[in-house]
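The values are calculated or read from the model by the stated rules, or taken from the named source; none is laboratory data. Just so it is clear, the model here is predicted, and its values are computed rather than measured. Note that we place each Cβ from the backbone using ideal geometry, even for glycine, and neighbour counts take in every protein chain shown. SASA here: full protein model, heavy atoms, side chains in, ligands and nucleic acids out. Shrake-Rupley method; radii C 1.70, N 1.55, O 1.52, S 1.80 Å.
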Amino acid sequence: MRKFLIALGILLALALPGQAQETGTTAPQSETAQAELTGLAAVLAEYSKEIAKPSRRTIGPVIAAIASSGEGASRFLQAYADKGVGQRESDGAFFIIQKKGSDYELSDPVTGAPAGTAPKSDIKEIKPNSGVRAEIGAALVRFLLSDPDPKKRREALTAIERDGEASHLDPLRASIPDEPDPAIKAEKERLERLLTIRFGKDAAERVAAIESFGSDLGLDFRATLNPLVATTRKAFAGAPEGNVAKPLRPGKDIPKDEAYAMLVAAKMAPERISASAMQQSLAANVVDGTVGGLPLAEMSDPAKREEAYATLAAAGTVPQRLTDAEADTLITDHQYADLYAEPDPAVTTAAEAALTRVGRTVAAMQTVDLGLDALSLASIYFLAAIGLAITFGVMGVINMAHGEFITMGAYTGYVVQLFVPDYTLSILIALPLAFAITFGAGVAMERLVIRWLYKRPLETLLATFGISIALQQLFKNIFGTQARPLTSPPWLDGAWTLNDVVSISYIRIAIFVLALVFLALYLWVMRRTRLGLEVRAVTQNPSMAASMGINPDRINMLAFGFGSGIAGIAGVAIGLFAKVTSEMGQDYIVQSFMTVVVGGVGSIFGTLAGAGLIGVLQKGIEWLNPSNTLAAQTYMILFIIIFIQFRPRGIIALKGRAAGD
Amino acid sequence: MSDHVIGAQPGNAQLEVSGISVTFDGFRAINNLSFAIGPAELRAVIGPNGAGKTTFMDIVTGKTRPDEGRVLWGETHQNLLKMNEAQIARAGIGRKFQKPTVFEDQSVTDNLMMALKANRSPFSVLVWKAGAKDRARVEEIAAQVGLADQLPRKAGELSHGQKQWLEIGMLLAQEPRLLLVDEPAAGMTLAEREQTTALLVDLAKTRAVVVVEHDMEFVRRLNCKVTVLHEGSVLAEGTLDHVTADQRVIEVYLGR
Amino acid sequence: MKPGFLAKNPSVMWFLLILAIFTLGVTFLSHAYGPGVISTSMVKTLGKTLCLCLIAIAMDLVWGYTGILSLGHFAFFGLGGYMIGMWLMYERTRDIVLSSAGSFPMTPQEVNDAIGTQIFGVVGGSELPAIWTFAGNLPMQLLFVVLVPGLLALIFGWLAFRSRVTGVYLSILTQAMTLALSLYLFQNESGLRGNNGLSGLQNIPGVSAGQDQLSVWFLWASAVALGLGYIAAAFIVSGKFGSVIRGIRDDEARVRFLGYSVEGYKLFVFTLTAVIAAIAGALYYPQAGIINPGEMAPIASIYLAVWVAIGGRGRLYGAVMGAAFVSIVSSWFTGGRVPDIPLGFYTIQWVDWWQVLLGLAFVLVTLLAPKGLSGIVDLLEGIRSPDRHGDPLGPDQGSLQQKEAQE
């Protein structure tokens, strides 16, 4: 059988002379063949014995030789480390092997080209031990780190970054001086320092590496430090040993139950029979309405239960149970501490200090990020409230249906997108169309309802509320209760990222810009146009304005339409990131009122200040209690109620019709 | 005539206002004004528009807070600036507005009953019941201001003059020790004016009365000491003849 | 004093008479005490309506008489419901825990833990929060029914009134308070089961009678509360106190110059009506069976104002008529009992369109008939409004309009 296989092997070798020639995997049988070998093939041939029977002592020069042999070296080393190299029994040739059924699939170690299959018995798998594998790994790393292809080098860096080992450190250091690409060089240097933190040879080197980062914001730096300062909780019979992070006093730093559980886990104390197990044992031992000599009815008292159990235990009916006092003694007889995983206190101290430093910088950056968030929220509130500021501030009219105008604008955007599939174009159409539609709705409402109720703000509030519920139901009947999509153009997707902490989405930037545009538009209309002049005149003194030929009715109608129109545009903007439902306006109406009231009625800058205050406040409270946005809103409203106490007229108080005097 | 005019002596004044100033949005409405009135004195305050007459009354009644100055009240020299409108009213200062303000949805009786001097706390008002004495007092006041026949009518249905009288009646019901009356004669007939004059002069026998008025004829009939306000401070004080002879007063009234 | 009071308030006699006839009628037509013409669920609806009438009276006191358009009274209503709901739920869960515990007695701690797990398992908790300390104590929880909303109203009112916030500002502020409260209750951390609310409140612990009987008993309790509330409100508004608060409604500055502490009166009325609202809520929710924070959303309080406006504000029977009319018609429409209107191209289904109708009807009432349903009473009695050339009866925002006044 073996003879037959050998014959087959020879036949095979003969049948593929070109390949045999080129790759030269043949063992050193013929002197002539060996002479022709170059590169990896030559190395393999030369160190055949050492490769086949690797030992940590002898493998060093072999790996060095392979690593510097050129084509196929990394593939071979990789396979070698993964126990994927085999030697053909017949001729001692090496192949990269892969199991396939009962055979091996062979491939050439130099080119990686398939080299047929061979039965298991024909191939000897080479199994380097872990020491050798580590050597190979290091060589592999060095090899990859100085690969001529920069892409390969980066890949290697990424791999080390993800899963660094002590053995990577030396090859990494070795590769730095010859690195041609400055960017990669910087990356390598950074990685070198990170690895030094973890695997540096002594504390001084590691501490120096930690210090060298200063208050670096990189996630990798923090990810390196965090495991160093990770702690485990341990109980000790005597004084705590190891790198103690914090001694723990039972009952103060940790609950006593937890301390006892630690003792049990460390086999320093017996497992306690739990209260419920005790109760079950007692319940199982009820005799004629008594338990352990005590009447059953008394068993609702925990002290009596212990007493009854003690009686039963004394009689041997149930196992003994530690009393609370005994357990307490055990707990106080031991000591507890959090221990650092890292044994060297110098390193942990430096790491803690660095983390605190980084933490401060992160906090500062988070404040910036929070500021951006608050700014974007403020611009949303500003957009939602600016229309209200006109109707409420300038005209003294509370429009409870303002939220529904916002919804109307959003639905306009949705309907436009049904007909115009291009998202950029559809938004450009939707903005003016939403303005036109809500302007019309506002004018209609002013003509039909509100103008009959001037000077009756409370009745206006209720009448517009009636319109609000009618409109809301109407939307529900037309568009259904589920959320409708209003998709933003693709160029608004994504976010502007400043660093690992600070980023803001483009859509929020767009809303911020839109808010600025509206601020400018409002100021322009109010200060530079005839309409604005007349609106201001009517606001300050309606009868005087009327006597000068200004028609207050017309002005009120236009101002109301203008305010409603802006609500419509705000609706399109809000719809881009919020769900478009019939109730979306309700989510903004109270905040909008708050914005106007806090800011001060009748002043656009007041509205701006109000939106800013509320945005900052809400984000600030959310930051204090990030798990709970509901709580944030609750506290924000409470704050506003208290704020109104001190500035009943808002931040910027003006005198106007709505101001009261 | 001149012996009729007795200025309040410092120290025994019913109301003593000293050095008050108030500014609205940069406009100085009252400028270092001082004023005193005795416990039983009639005083007319005159002055052109914007002289600060109404603001002065607002300060005394607690509606406006001055930026500086003192307002002391009564024998105990209570500081009125620390009290709110209701407390000042309870302390005994009554005010009649220029435009008659009565509760138009309520009957004349209810208006007067509300004004009647009594404990004003919500709990005692809740259990308060009009006794025979209270009803008699309301009828008496109604008779005094000529509204005896109108008691069950709603105040909103009264004529303008009747509302003025009702308001005066409410002031009487409050039994104040200082009355601040803003242009009482506005919109009244000649006969009503005479009646009003008589009433005010009569009231001033037992309490302090300050009348703010435009109408010089009316002031002359009151026959009392006159204080002329101009640009928020006292321009002149004395008998009407005395002040009308003052060159600065003439300038202010006739223009420069 | 009694005869004088009734003589001055003829509506009280009529009201009590109608209420008594109504309650007796429902009782003798119910399942429990009669032929069962009126179903138990209908009895509950009627009982709940009586509670709504009671809170409408509170709203009328605060808005119709004092001119404060509070958009927060439903919050007090809900709080009252929560306070009684805590006892109902705790006791009922206790009964369940004890009956499933077997014969071995439990320690108080075990009972408490089991109740905590039962009640708070749904929000992932197992411990009874501190606010449930007295949940097992009926007198304490009953005290809380008036104390908690009363205190909240007192603190909020004190803050709001002392800074002289009036008119629409005050309305928005009360709305904000309601929103804050309902958002707070929506959190699981509030200790009142977050958006799950309290449920199973229709079962009264320790009472073995079925829902048929219970519903009638609650109807009676609601009717008695409504009757007492009406008498108390009539007493308050008929005397000098009524004069003062109506004065505050029409012209609060003038009331101030008469020496009345306007803030004190507003606070008194605000707090008192909050307590009335809370009592109404405490009677309402055992009939509804479930309470959750959604019930306390600001919109509910605005609806309350709508009822009073539709009934006609500034008179007590108006508020009652408005609340009863709107809530009964509303349950009629939303219950699908009104026939749809086919228009050929579209069918108007009232379940969907009732809100639209209500909203528009409300706008029309505000615009054209400020007296609301009370206008019909005035028409029958020949009471007309004064001709004031459209002037309202006072300078303040809450003052009566010409059309609301009686000649």
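If you sort B:58, C:387 by accessible surface, 1.4 Å probe, largest first, the order is C:387, B:58.
Expressed as a whole percent, the proportion of Cα-Cα pairs in chain C lying more than 35 Å apart is 31%. In plain terms, chain C is cut at each of the trypsin sites (Lys or Arg not before Pro) found in a DSSP loop with at most 12 other Cβ atoms within 10 Å, and the longest leftover piece is C:1-336. Per residue, the convex hull around the alpha carbon atoms of region A:65-125 comes to 74 Å³. Restriction of the trypsin sites (Lys or Arg not before Pro) in region B:162-231 to DSSP coil positions whose beta-carbon has at most 13 other beta-carbons within 10 angstrom yields B:205. Among the protein heavy atoms, those of residue A:82 account for about 100 Å² of accessible surface (1.4 Å probe, every chain in place). Ligands, DNA and RNA are left out, and with a 1.4 angstrom probe the accessible area of region A:273-321 is 52 Å² per residue.
For region B:105-175, the Kirkwood estimate of hydrodynamic radius, built from reciprocal distances between every pair of different alpha carbons, is 12.2 Å. Taking all Cα-Cα distances within chain B, those exceeding 25 Å account for 45%. In this rough spin-label picture, where each label sits 7 Å from Cα along the Cβ direction, the residue A:546-residue C:220 distance is 6.1 nm.
Evaluated on region A:346-402, the Kirkwood hydrodynamic radius is 14.7 Å, with distances taken between all distinct Cα atoms.
Counting only heavy atoms of the protein chains and using a 1.4 Å probe, residue B:206 has close to 100 Å² of accessible surface.
If DNA, RNA and ligands are ignored and the probe is 1.4 Å, what is the ranking of C:82, A:635 by accessible area, most exposed first? Mind dumping the intermediate values first?
On the way: C:82 0, A:635 105 Å².
Sorted descending by solvent-accessible area, the residues read A:635, C:82.
Mind checking how much accessible area B and C bury in total, 1.4 Å probe, in Å² rounded to 100?
Numbers: alone 12670 and 19270 Å², together 29060 Å².
Using a 1.4 Å probe, the pair buries roughly 2900 Å².
Computed from the Cβ-Cβ distance with R0 of 35 Å, the FRET efficiency linking residue C:101 to residue C:41 stands at 0.55.
Counting, for every residue in A:582-592, the Cβ atoms of other protein chains within 10 Å of its Cβ and taking the mean gives 1.
The alpha carbons of region A:273-321 occupy a box of 22, 19, 16 Å along the principal axes, longest dimension given first.
Report the calculated FRET efficiency for residue A:496 and residue A:605 (r = Cβ-Cβ distance, R0 = 30 Å), to the nearest 0.05.
Given R0 = 30 Å and the Cβ-Cβ separation, E is 0.65.
Note on chain A: Rg/Rh from C-alpha atoms, Kirkwood Rh, equals 1.18.
The residues of region B:22-180 have, on average, 41 Å² of accessible surface per residue, using a 1.4 Å probe with all protein chains present.
Amide H contacts for residue C:373 (H built 1.01 Å from N in the peptide plane; partners 5 or more residues away or on another chain; cut-off under 5 Å): C:311, C:312. If R0 equals 41 Å, the separation of the Cβ atoms of residue A:638 and residue A:428 corresponds to a calculated FRET efficiency of about 0.50. Ignoring lysines fewer than eight residues from residue A:53 along the same chain, the ones with Cα atoms less than 29 angstrom from its Cα are A:3, A:83, A:99, A:100, A:120, A:124, A:127.
For residue A:482 and residue A:284 in one chain, what is 0.36 nm times their gap in residues minus the Cα-Cα distance, to one decimal in nm? Could the numbers behind the result be given before it?
Values: separation 198, 0.36 × 198 = 71.28 nm, distance 5.70 nm.
Full extension of this stretch gives 65.6 nm more.
For residue C:348, put the label point 7 Å out on the Cα→Cβ axis and report which residues of region C:293-335 keep their amide N under 18 Å from it. What the label zone holds, given the 18 Å backbone N cut-off, is C:329-335.
Can you give the mean number of other chain Cβ atoms that lie within 10 Å of the Cβ atoms in peptide C:236-243?
Working: counts 1, 0, 0, 7, 13, 7, 4, 10.
For peptide C:236-243, the averaged partner shielding equals 5.
Within a 10 angstrom radius of each residue's Cβ in B:106-119, how many Cβ atoms of other chains show up on average? Whole number is fine.
Average per residue, whole number: 3.
As a length-normalised measure over Cα pairs under 8 Å and 6 or more apart, the relative contact order of region A:146-230 settles at 24 percent. Rounded to the nearest 20, the size of the Cβ-charge dipole of the protein assembly as shown about its Cα centre is 2320 debye, with Lys and Arg at +1 and Asp and Glu at -1.
When chains A and C come together, the accessible area they lose, probed at 1.4 Å and totalled over both chains, is close to 4600 Å². In region B:105-175, Cα pairs under 8 Å separated by at least six residues give a relative contact order of 55 percent.
Filter B:53/B:154; B:63/B:129; B:63/C:266 down to the pairs with a C-alpha to C-alpha distance above 27 Å, please.
On the way: B:53/B:154 32 Å; B:63/B:129 31 Å; B:63/C:266 19 Å.
Flagged as over cut-off: B:53/B:154; B:63/B:129.
Partners of residue A:234 within straight-line reach, counting lysines whose Cα lies under 21 Å from its Cα and excluding those fewer than 8 residues away in the same chain: A:246, A:252, A:256, A:267. Maximal additional length on extending the residue A:365-residue A:201 stretch stands at 55.6 nm, based on 0.36 nm per residue less the C-alpha distance.
Contact residues in region C:349-373 (at least 10 Å² less accessible area with all protein chains than alone, 1.4 Å probe): C:352, C:353, C:355, C:356, C:359, C:360, C:362, C:363, C:366, C:367. Taken along the Cα-to-beta-carbon direction at a fixed 7 Å, the label points for residue B:205 and residue B:245 span 3.0 nm. The ellipsoid that matches the Cα gyration tensor of the protein assembly as shown has semi-axes, each √(5λ) in whole angstrom, of 82, 43, 34, with the longest given first. With a simple spin-label model that places each label point 7 Å from the Cα along the Cα-to-Cβ direction, the separation between residue B:77 and residue A:113 comes to 11.9 nm. Across A:169, A:375, the residue with the most accessible area heads the list, and the full order at a 1.4 Å probe is A:375, A:169.
Relative contact order for region A:273-321: what percent, with Cα pairs under 8 Å and sequence separation of 6 or more? All intermediate terms of the calculation are to be shown ahead of the outcome.
Numbers: 36 pairs, mean separation 14.2, N = 49.
Taking the mean separation of contacting Cα pairs over the length of region A:273-321, I get 29 percent.
Share of carbon and sulfur in the accessible area of the protein assembly as shown stands at 59%, probe radius 1.4 Å. The length gained on full extension between residue A:155 and residue A:645, counted as 0.36 nm times the residue separation minus their Cα-Cα distance, comes to 170.2 nm. In region C:1-45, burial by the other protein chains removes 20 Å² or more of 1.4 Å probe accessible surface, compared with the chain on its own, from C:1. Among A:565, C:328, C:25, pick out the residue whose Cα is farthest towards the positive end of the charge dipole of the protein assembly as shown, where Lys and Arg carry +1 and Asp and Glu carry -1 on C-beta, about the Cα centre. Checking the options against the dipole of the protein assembly as shown, the answer is C:25.
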